[in-house]
Each structure stands twice: as C-alpha cells, then as structure tokens.
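Participant: Supplied in structure tokens, the structure appears directly below.
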There are 2 protein chains.
Amino acid sequence: MTVLILTCEQDVTADMVVAQLHRRGVPLVRFDPADLPGEGALSAEYVRGEFRGYLSTGGRVVSMDGLRSIWVRRPGEPAAHAAEPSEWLTAESGQALYGVLECTGARWMNERDAAAKARLKPWQLRLAHHSGFPVPATVVTTYPRVARQFAEQYRHVVVKAVSGKPPGEPPMALPTTLVPPDTDFSDVAAGPTLLQRYIAKRADIRLTAVGDRLFAARKPAEPGQVDGRYGDTGHTWEPVEVQPRVERSVALYRKLAGLAYGAFDFAEDSEGTWWFLECNQGGQFGFIELETGQPIADAVAEWLGAPGECA
Amino acid sequence: MTVLILTCEQDVTADMVVAQLHRRGVPLVRFDPADLPGEGALSAEYVRGEFRGYLSTGGRVVSMDGLRSIWVRRPGEPAAHAAEPSEWLTAESGQALYGVLECTGARWMNERDAAAKARLKPWQLRLAHHSGFPVPATVVTTYPRVARQFAEQYRHVVVKAVSGKPPGEPPMALPTTLVPPDTDFSDVAAGPTLLQRYIAKRADIRLTAVGDRLFAARKPAEPGQVDGRYGDTGHTWEPVEVQPRVERSVALYRKLAGLAYGAFDFAEDSEGTWWFLECNQGGQFGFIELETGQPIADAVAEWLGAPGECA
C-alpha cells in the first residue's frame with residue numbers, strides 16, 4: 001500500500017516527510033497535478049461501481065486501489081506544465097484527477113471539502129468558540145463607521161487579511177498590523193476588512209496537530225510585538241506542554257472541521273491563557289521542527305503510513 | 001425569517017422562484033457576490049462565538065441571524081463589479097461573505113462543500129452505483145492505447161467533457177459525441193478524456209430532485225440520437241412517473257452526496273431501464289417547467305421557505 005503525496009517539485013517540507021517514510025519502509029509516490037497531462041498520466045476504468053486504474057509519473061506507476069493515504073501538500077495547478085495550458089484543460093485535468101482519487105478508499109490529509117471550508121476565517125472563529133477556545137472579539141465589515149466604532153470600543157485592535165494570503169507568486173507577506181485609534185477607516189468600503197481586539201501577549205504559540213498527536217511550541221514576545229511570524233525577536237521556538245483543556249479543544253475542533261492536520265496559532269496572555277487566532281489546515285511545520293527538534297515530519301509519516309482508518 | 005438568493009442580476013430561473021416566494025409571502029433578498037464591495041455591503045461582529053451582522057444591497061438590509069435558507073443559484077464572482085477588481089480582492093470578499101454565511105444557522109441549497117465534491121464526474125458514477133443506479137462502463141484516461149481498447153471493446157462509445165462545462169462567458173456548448181471505432185485517439189494524451197459505453201436509448205430522462213420532491217420528465221429520442229440537450233428532435237418533455245426503485249436510489253444519492261437539490265440525467269433503454277448519466281447539483285429546471293408544467297420553482301420556494309431543518 002502506497003502513500004500519494006500531491007505537491008510541487010520544490011518542497012523541502014515534503015522532503016522531510018519522504019525521508020521519514022523511507023526510514024519506515026513505506027512506499028510512496030510524489031505527484032504534481034501540474035504535470036497532468038504530460039510527465040504525469042492517469043487512467044481509470046469504471047467497473048461495477050469502482051474505478052480501477054493508475055497514476056504514473058517519471059516512469060513510476062501507482063495503482064489506485066493500492067493507495068493507503070493521500071497527502072495534499074502543495075499541489076500545483078492541474079495542467080500548469082501542459083504544452084498548451086488553458087483554463088479549460090486545467091478544469092478537465094483537475095476534475096479527472098481529483099474525481100478519480102475521491103473514488104479510492106484512501107485516507108486524506110486533509111479531505112478536500114473539509115480543507116476548503118476550514119480556510120474560511122470567520123467560520124474558524126465560530127468553530128474555535130464552540131470547541132472551547134477563548135477567541136478575541138472580531139469584526140468583518142465593509143462599513144467605515146462600524147470599523148471606527150470597533151476600534152474605539154476596544155482601543156487596541158489589529159487588522160488581518162481575511163483570506164489568509166494574497167494570491168500571486170511569490171505571495172505578498174501581510175503581517176497582522178496594529179491599528180491606531182485615530183486611523184482613517186474610509187478605505188474599509190473598498191474591501192471587507194477584519195479587525196480583531198489585540199491580545200497583549202507574552203508569547204506566540206504554534207500548535208501543530210497531526211491526527212491526535214500534538215506538538216506545541218512557544219516563542220516569547222517583546223512587549224508590543226504584534227506578529228511573531230515576521231522579523232527577528234532574538235527568541236526561538238521552544239517546545240511547551242499542552243494543557244488537557246487545550247488538548248480537548250483541539251480534538252473537538254479537528255472533529256468538527258473534519259481535519260486530520262491543522263496548525264493552530266495562539267497568543268499567550270499575561271495570565272497564561274492561549275487565545276485562538278487561527279488554524280491553518282495546510283500550515284507549515286518545517287521551521288518549528290528545525291528549531292524545537294519536535295518530530296513532526298515523522299508524525300505525518302506515521303499518520304500517512306498507518307494501515308487502518310483514522311482521522 | 002428571510003431567504004437569501006445568491007445570484008447574478010439576469011437570472012430568469014431565479015425570477016420564477018422569487019415569484020413563488022412572493023406568492024407564499026416569504027421574505028427574500030437577492031444578493032450578487034459580484035456587487036461586494038460596492039452596491040453590496042457586509043458587516044458581521046463576532047460576539048461570544050456567534051457572528052451577528054447584516055448584508056445589504058440596493059438599500060435592502062438582511063440580518064444574518066434572520067436567515068432561513070440560502071439558495072446558491074448563479075452567484076457572480078465576488079468583487080467582480082468592484083471599482084478596482086483584483087484576484088486578491090475577490091479572495092478577500094469571497095472569504096468574508098461565505099465565511100460569515102457559513103456561521104449562520106441557515107439551510108443551504110446546496111451546501112458549498114457538498115456541491116464542490118458533487119461536481120466531480122468520476123465520483124458521481126461511483127456514488128450512482130452505490131445508490132443502486134445502473135451506470136454504463138466508463139474510462140477516464142490520458143493513454144491513447146487505453147482509449148482505443150475501450151472503444152474496441154464496447155464498439156459504441158461516447159466522449160464527454162469531464163468538468164461539465166468549459167469556463168468562459170458565454171460557455172462553449174459541448175454535446176456528448178459518438179466516437180467511431182476507427183478514431184485516431186492520439187490526442188487523448190493532451191488531456192484526460194472520458195469515454196462511456198453508448199446506451200442505445202429510446203428516451204432522455206431529466207429528473208429534478210428538490211428535497212424529497214421528485215419531478216421526472218421524458219423526451220423520446222430518435223434512433224441514434226446521442227445528446228437530447230441539443231438540437232430539435234420534434235419531441236417535447238412530458239412528465240413521467242418515477243418507479244419506487246428509482247425514488248429510493250435518488251434519495252440515497254442525495255443523502256450520500258449531501259445535496260438538497262440535484263438534476264439527474266438518465267438514458268432510458270429499450271427495456272425501460274434508466275441508466276445514470278450524471279447529476280448536476282446546479283442544473284437548470286426552467287425549460288422543464290415550461291414544457292411540462294411541473295411546479296418545480298414552487299417546490300424550490302417551498303423548500304427555501306420551510307421553517308424547520310431538512311435536506
């Protein structure tokens with residue numbers, strides 16, 4: 001039984017997991033949807049309700065009914081490397097590839113429909129609340145007046161991108177930014193804006209959930225520092241223990257969202273409470289593993305290589 | 001409690017349902033995501049785990065917690081009508097709108113994640129089989145050799161678009177086409193191709209499922225006619241009874257796919273068997289209602305206007 005990794009060619013994080021799968025003796029195939037059609041090929045025949053067929057890339061062939069699990073890492077856009085790329089060919093190739101893969105009995109990290117919904121930030125906040133996490137007050141609005149009132153009410157607020165990261169290659173980096181109370185909010189009318197009460201934090205927390213294995217890391221914050229993902233603070237990520245209450249909330253969030261994998265960001269306040277900021281269903285873990293030594297890539301390999309059903 | 005209809009300005013099918021909602025005295029708002037930001041506006045504030053807020057368009061305002069149901073008809077691309085449209089603004093506006101709408105308790109026709117998966121044609125065939133429908137043998141392939149063998153084995157095969165319809169405005173019409181056995185299949189390598197055994201049919205069947213209300217229509221086919229959706233055959237759509245076995249399969253398919261609405265296409269063979277061809281989760285029904293007089297728009301209005309939980 002083989003693990004299928006859907007990712008582009010340059011992917012150091014995938015390399016880390018591939019090394020662990022090799023170490024564990026689990027067969028795998030890397031496939032970039034951008035290579036279909038072309039370097040990648042696909043054939044599936046429908047016989048009495050089941051698709052039987054294979055994927056092939058770089059001379060390697062994997063049987064559809066021999067797929068153990070599918071890791072959706074950083075797949076390229078289908079048909080992007082085709083001789084004559086077009087929107088139509090991308091749609092056809094994507095539907096064929098994912099339509100056939102959905103017919104296999106393989107376990108997904110993550111299920112594609114769950115992943116799409118889990119990217120919706122307003123929905124994340126609601127889910128986080130229902131999972132028992134404390135969540136800072138938040139507004140999403142196109143009304144300058146509403147934005148101004150929110151900023152006046154909470155005094156310290158941050159503005160964030162709603163959709164996570166801008167499209168485009170390379171993507172623009174958009175750190176979370178503190179908004180002064182006397183800001184001119186008239187531009188809010190030009191696009192939905194997400195404002196959130198600023199949590200005065202003493203540390204950033206990144207918790208990586210791989211199935212039911214949790215890896216939490218903590219990085220102390222300088223007073224007034226807003227977004228720990230950018231800039232050098234002189235601190236490094238260190239492993240930190242997960243409280244049972246947080247553990248239960250993470251399990252519930254994963255269950256409600258239908259996610260096998262999630263990278264949670266929290267702000268730790270002066271009382272030690274972890275405030276939910278977001279859960280990125282496709283979040284990176286390489287930088288955490290490198291700094292903390294936590295065996296996250298191996299946990300991913302273990303999940304992908306497991307024989308039975310789980311999530 | 002209000003019905004929210006997400007659709008573009010020119011939508012005759014939506015007009016039919018709007019008329020029925022008016023007749024039933026059910027309040028509704030039409031909203032085109034293309035108008036956000038601009039003519040359309042949105043504001044939602046997160047308070048203790050719930051988003052409370054409103055959508056506004058053309059001077060009308062609808063409260064988020066007053067939404068009864070959401071009909072995803074033909075929504076425009078978010079921010080398409082913005083003063084300065086961009087991919088980034090489209091992503092931000094779509095995430096804000098759908099992220100907030102997913103936080104409401106409203107019933108969806110159809111749920112967005114279910115709809116996305118239900119568009120995958122290979123997956124449809126598998127689901128149809130598991131729901132008890134007879135399904136013609138099918139292959140999806142980028143291998144000319146496999147396509148040729150399939151055509152030789154079944155002799156009468158048709159080729160179809162995998163992704164349903166090509167992108168672009170207006171969309172290209174791509175009828176299902178009969179493939180002569182001596183076809184040169186070398187172009188199959190240029191893009192995944194779906195071939196299906198041709199069902200010698202005496203009629204086309206269109207079955208529209210609105211919740212658990214089914215409307216089946218039948219149009220006799222000329223000998224050798226392949227795609228009843230295109231061209232004038234001199235026949236019209238007439239209502240036809242649904243056999244209990246088909247009724248059970250439709251119910252199971254809807255349940256497995258998580259769909260409130262689906263437009264099923266069948267080919268009726270000389271024995272009267274209905275072969276599953278596809279289920280379009282967003283399929284048109286206006287032309288069927290006009291020819292048969294079946295009250296489909298009213299059934300949609302009834303589903304959208306219903307007070308309780310159902311699917």
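Participant: Of all residues in segment A:18-31, which are open to solvent by 40 Å² or more (accessible area, probe 1.4 Å) and either not assigned by TED's automatic domain parsing to the domain that holds A:R60 or not polar (S, T, N, Q) (or both)? Steps first, answer last, please.
Facilitator: To start, the set of residues in segment A:18-31 that are open to solvent by 40 Å² or more (accessible area, probe 1.4 Å) comprises A:19-20, A:22-25, A:27, A:30.
Hits for segment A:18-31 are A:A19, A:H22, A:R23, A:R24, A:G25, A:P27, A:R30.
Participant: Which residue is farthest from the chain's Cα centre (by Cα), if the candidates are limited to segment A:245-277 and must be among the charged types (D, E, K, R) and surrounded by fewer than 18 Cβ atoms within 10 Å (Cβ to Cβ)?
Facilitator: Here is the first cut: in segment A:245-277, the residues among the charged types (D, E, K, R) are A:245, A:247-248, A:254-255, A:265, A:268-269, A:271.
Narrowing further to those that are surrounded by fewer than 18 Cβ atoms within 10 Å (Cβ to Cβ): A:245, A:247-248, A:255, A:269, A:271.
Numbers: A:R245: 23, A:E247: 19, A:R248: 20, A:K255: 15, A:D269: 24, A:E271: 28 Å.
Filtering segment A:245-277 for residues that are among the charged types (D, E, K, R) and surrounded by fewer than 18 Cβ atoms within 10 Å (Cβ to Cβ), the one farthest from the chain's Cα centre (by Cα) comes out as A:E271.
Participant: Sticking with this structure for a sec: In segment A:43-66, which residues are in contact with a helix residue (DSSP H, G or I) (Cβ under 8 Å, 6 or more places away or on another chain) and either part of a helix (DSSP H, G or I) or not hydroxyl-bearing (S, T, Y) (or both)? Before the answer, list the steps.
Facilitator: Step one: list which residues in segment A:43-66 are in contact with a helix residue (DSSP H, G or I) (Cβ under 8 Å, 6 or more places away or on another chain), which gives A:43-46, A:48-55, A:57, A:64.
Across segment A:43-66, the qualifying residues are A:A44, A:E45, A:R48, A:G49, A:E50, A:F51, A:R52, A:G53, A:L55, A:M64.
Participant: Could you list, in sequence order, all residues of segment B:1-17 that are in contact with a Leu (Cβ under 8 Å, 6 or more places away or on another chain) and open to solvent by 20 Å² or more (accessible area, probe 1.4 Å)? Reasoning before the result, please.
Facilitator: Initially, segment B:1-17 is screened for residues in contact with a Leu (Cβ under 8 Å, 6 or more places away or on another chain), giving B:1-5, B:17.
Scanning segment B:1-17 gives B:M1, B:T2.
Participant: For segment B:12-25, indicate whether the set of residues that are more than 30 Å from A:S131 (Cα to Cα) and either within 13 Å of chain A (Cβ to nearest Cβ) or part of a loop (DSSP other than H, G, I, E, B) (or both) is non-empty.
Facilitator: yes
Participant: Let me ask something else about it. Does B:R48 satisfy the criteria of being modelled with pLDDT of 95 or more and open to solvent by 30 Å² or more (accessible area, probe 1.4 Å)?
Facilitator: When the stated conditions are applied, B:R48 does not pass them.
Participant: Just name the residue that is least open to solvent (accessible area, probe 1.4 Å) out of those in segment B:95-113 that are among the small types (G, A, S) and more than 7 Å from chain A (Cβ to nearest Cβ).
Facilitator: B:A106
Participant: Here is a check on your reading of the model: is B:A91 assigned to a loop (DSSP other than H, G, I, E, B), open to solvent by 20 Å² or more (accessible area, probe 1.4 Å) and aliphatic (A, V, I, L, M)?
Facilitator: Numbers: assigned to a loop (DSSP other than H, G, I, E, B): no; open to solvent by 20 Å² or more (accessible area, probe 1.4 Å): yes; aliphatic (A, V, I, L, M): yes.
Spelling it out, it is not the case that B:A91 is assigned to a loop (DSSP other than H, G, I, E, B), open to solvent by 20 Å² or more (accessible area, probe 1.4 Å) and aliphatic (A, V, I, L, M).
Participant: For segment B:132-159, name all the residues that are part of a strand (DSSP E or B) and either closer than 25 Å to B:V246 by Cα or over 21 Å from the mean Cα position of the chain (by Cα) (or both).
Facilitator: B:T138, B:V139, B:V140, B:T141, B:V157, B:V158
Participant: Taking the criterion of being modelled with pLDDT under 95, open to solvent by less than 60 Å² (accessible area, probe 1.4 Å) and among the aliphatic types (A, V, I, L, M), would at least one residue in segment A:68-80 satisfy it?
Facilitator: no
Participant: Within segment B:178-193, how many residues are touching a residue at least 40 places away in the same chain (Cβ under 8 Å) and away from chain A (no Cβ under 14 Å)?
Facilitator: The total comes to 1.
Participant: From the set of residues in segment B:221-241 that are open to solvent by less than 60 Å² (accessible area, probe 1.4 Å) and at pLDDT 95 or above, which is nearest to B:H156 (Cα to Cα)?
Facilitator: If we take residues in segment B:221-241 being open to solvent by less than 60 Å² (accessible area, probe 1.4 Å) and at pLDDT 95 or above, then B:W237 is nearest to B:H156 (Cα to Cα).
Participant: Here is a list: A:L252, A:L304, A:L214, A:L277. Which entry is aliphatic (A, V, I, L, M), at pLDDT 95 or above and more than 25 Å from A:L127 (Cα to Cα)?
Facilitator: A:L304
Participant: Could you tell me which residue of segment A:160-193 is modelled with the highest pLDDT, considering only residues that are surrounded by 11 or more Cβ atoms within 10 Å (Cβ to Cβ), in a loop (DSSP other than H, G, I, E, B) and among the hydrophobic types (A, V, I, L, M, F, W, C)?
Facilitator: The residue in question is A:F185.
Participant: Please give the number of the condition A:Q153 fails out of (1) among the polar types (S, T, N, Q); (2) away from every other protein chain (no Cβ under 11 Å); (3) out of contact with any helix residue (DSSP H, G or I) (no Cβ under 9 Å at 6 or more places or on another chain).
Facilitator: Unmet condition: (2).
Participant: Further question: Which residues, counting only those in segment B:79-88, are in contact (Cβ under 8 Å) with a residue 12 or more places away in the chain and at the interface with another protein chain (Cβ under 9 Å from one of its Cβ atoms)?
Facilitator: B:A79, B:A82, B:A83, listed by residue number.
Participant: So B:K117 ticks every box in (1) open to solvent by 10 Å² or more (accessible area, probe 1.4 Å); (2) within 19 Å of the chain's Cα centre (by Cα); (3) more than 7 Å from every other protein chain (Cβ to nearest Cβ) but one. Which box is left unticked?
Facilitator: Result: B:K117 fails condition (3) only.
The values are calculated or read from the model by the stated rules, or taken from the named source; none is laboratory data. Nothing here was measured: the structure is a model prediction, and the numbers come from that model. Methodologically, a virtual Cβ is constructed for each residue, glycine included, from the backbone with ideal geometry; neighbour enumeration extends over all protein chains shown. Remember, those area values only see protein heavy atoms, side chains included, never the ligands or the DNA or RNA. Shrake-Rupley method; radii C 1.70, N 1.55, O 1.52, S 1.80 Å.
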